[in-house]
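Read the structure below first, then the notes.
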Amino acid sequence: QRTYIFTFLLSSRVFIHPHELLAKVGQICIKQKQQLETGTEAEKAKLKSFAAKIIQLLKEWTETFPYDFQDEKSMKELKEIAHRITQCDEENGTVKKIISQMTQNLLMALSARSQYQEIREKFRQPVSDKGTILKTKPQSTQKDILSVCCDPLILAQQLTYIELERVSNIYPEDLMQIVSHMDSLDNHKCRGDVTKTYNLEAYDNWFNCLSMLVATEICRVVKKKQRTRMVEFFIDVARECFNIGNFNSMMAIISGMNLSPVARLKKTWSKVKTAKFDVLEHHMDPSSNFCNYRTALQGAAQRSQTANSNREKIVIPVFNLFIKDIYFLHKIHTNRLPNGQINFKKFWEISRQIHDFLTWKQVECPFEKDKKIQSYLLTAPIYSEEALFIASFESEGPENHMEKDSWKTLR
């Protein structure tokens, strides 16, 4: 059963290194081959059936967890098992064909992943030089997001394109590192303990960058009327993200607008039509463990299952909530039962959530890439928290003693 194989391969790494598991599979192959090679027709049939099951296991393993085969030791073991399996059913040409195709696909997957790691982008650093901000802020000619894209729907689509691109580089074993970072009861050192969770960090960094970009775009606008327009624009973008099923960008935009330097701009907010924003806030209300968001996510997931087009299949969950859920499942349930057996129910539930995520990340983006918009979203300068406060106080002066003290310190 595919779901069983996936759960087993995913959770086994908490207890045993993938190459050790592969070696055990290799040993089973040798034993079975020796036992069933007596030559009777019944034994030969059993051997063929066994070979078919091992092929299924290897095929699913190499497709879902190609990174388990990146070292020479694992690749050598895989080739040896494949050779033994071919011998079990030599007259069947399809076995050879399947194994050859499987190896080819694996090498392609490993090559694609190593290429991605070579070109992984440098994290964007926030602008923190106060002098630069104070000098550049009054120049209203400075390029802003509205000069690049003034249609909320198009911007939401481009954000979704970026999200799907980022999410495609997250693999099940990356997510399992949340669990395997801690040594298991068997004291096995898993790959999760030594490998940096780069893909998870890069995706989390994108969320923070988007939040800070939203805050920067709002705070650096000089005129109140234009600033109000900017706030309303981002509210519309967040709403379009929600309609698409892109909850991660939506949450990042709301987070950006809720940062103190933006939230304190009372004169600006008094001019904003906040009814739409209230609806968004309601969807992302953290009470009852984000109950409203979870209902919306469930609705999007159901729509995705019955969808005919990629446009309706899109589901991008709020990533840090998704990670917290896995971590929480890990923390409240033990890895082993009181009788010493593995708590398979726990790992079944974790793998079910990871499997849902993998299904969503495989959706092909239905929107065309707009290089100009994406370049702006990914490279436009973003202010540090300190710089945001300076820009915010410049737009609307300090209102109380606390703010006045902050402004004094910042200057």
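The values are calculated or read from the model by the stated rules, or taken from the named source; none is laboratory data. A quick note: this is a predicted structure, and the numbers were derived from the prediction, not measured. Positions of Cβ are backbone-derived with ideal geometry, glycine not excepted, and every protein chain shown enters the neighbour counts. The area values use the complete protein model at the heavy-atom level, side chains included, leaving out ligands, DNA and RNA. Shrake-Rupley method; radii C 1.70, N 1.55, O 1.52, S 1.80 Å.
In segment 76-88, the residues that are more than 21 Å from LYS46 (Cβ to Cβ) form Cβ pairs under 7 Å with partners that are open to solvent by 40 Å² or more (accessible area, probe 1.4 Å), at six or more places apart or across chains, as follows: GLU77/HIS19. Elements of the type helices (runs of 4 or more DSSP H) sitting completely within segment 203-315 and holding at least 3 residues that are more than 21 Å from ASP151 (Cα to Cα): these cover 260-263, 266-271, 275-283, 287-306. Residue pairs, Cβ under 8 Å, 6 or more apart or interchain, first in segment 382-411 and assigned by the TED database to the domain that holds PHE207, second of a type in the set (Phe, Trp, Tyr) and exposed (fewer than 14 other Cβ atoms within 10 Å of the Cβ). List them. Nothing qualifies.
Residue-by-condition table, conditions (1) open to solvent by 10 Å² or more (accessible area, probe 1.4 Å); (2) small (Gly, Ala, Ser):
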site	(1), (2)
SER255	yes, yes
ASN258	yes, no
HIS282	yes, no
ASN289	yes, no
ARG303	yes, no
SER309	yes, yes
PRO317	no, no
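Restricting attention to segment 84-94, does a residue exist that is closer than 26 Å to ARG352 by Cβ, in contact with a helix residue (DSSP H, G or I) (Cβ under 9 Å, 6 or more places away or on another chain) and either part of a helix (DSSP H, G or I) or not polar (S, T, N, Q) (or both)? No: zero hits.
Residue check: ARG84 meets all listed conditions (1) more than 27 Å from GLU173 (Cα to Cα); (2) within 37 Å of the chain's Cα centre (by Cα) but one, namely (2). Filtered by the rule that a residue be among the charged types (D, E, K, R) and within 14 Å of LEU22 (Cβ to Cβ), segment 60-105 gives GLU60, ASP68, ASP71, GLU72, LYS73, LYS76, GLU77, LYS79, GLU80, ARG84. One residue stands out among those in segment 336-350 that are out of contact with any strand residue (DSSP E or B) (no Cβ under 7 Å at 6 or more places or on another chain) and assigned to a loop (DSSP other than H, G, I, E, B): the one that is nearest to SER12 (Cα to Cα), which is GLN341. Residues of segment 310-346 that are more than 18 Å from the chain's Cα centre (by Cα) and closer than 19 Å to VAL167 by Cβ: ASN310, ARG311, GLU312. Restricting to segment 351-375, count the residues that are open to solvent by 20 Å² or more (accessible area, probe 1.4 Å), farther than 13 Å from SER304 by Cβ and in a helix (DSSP H, G or I). Counting residues in segment 351-375 that are open to solvent by 20 Å² or more (accessible area, probe 1.4 Å), farther than 13 Å from SER304 by Cβ and in a helix (DSSP H, G or I) gives 6.
When restricted to residues that are of a type in the set (Asp, Glu) and surrounded by 20 or more Cβ atoms within 10 Å (Cβ to Cβ), segment 196-228 contains 1.
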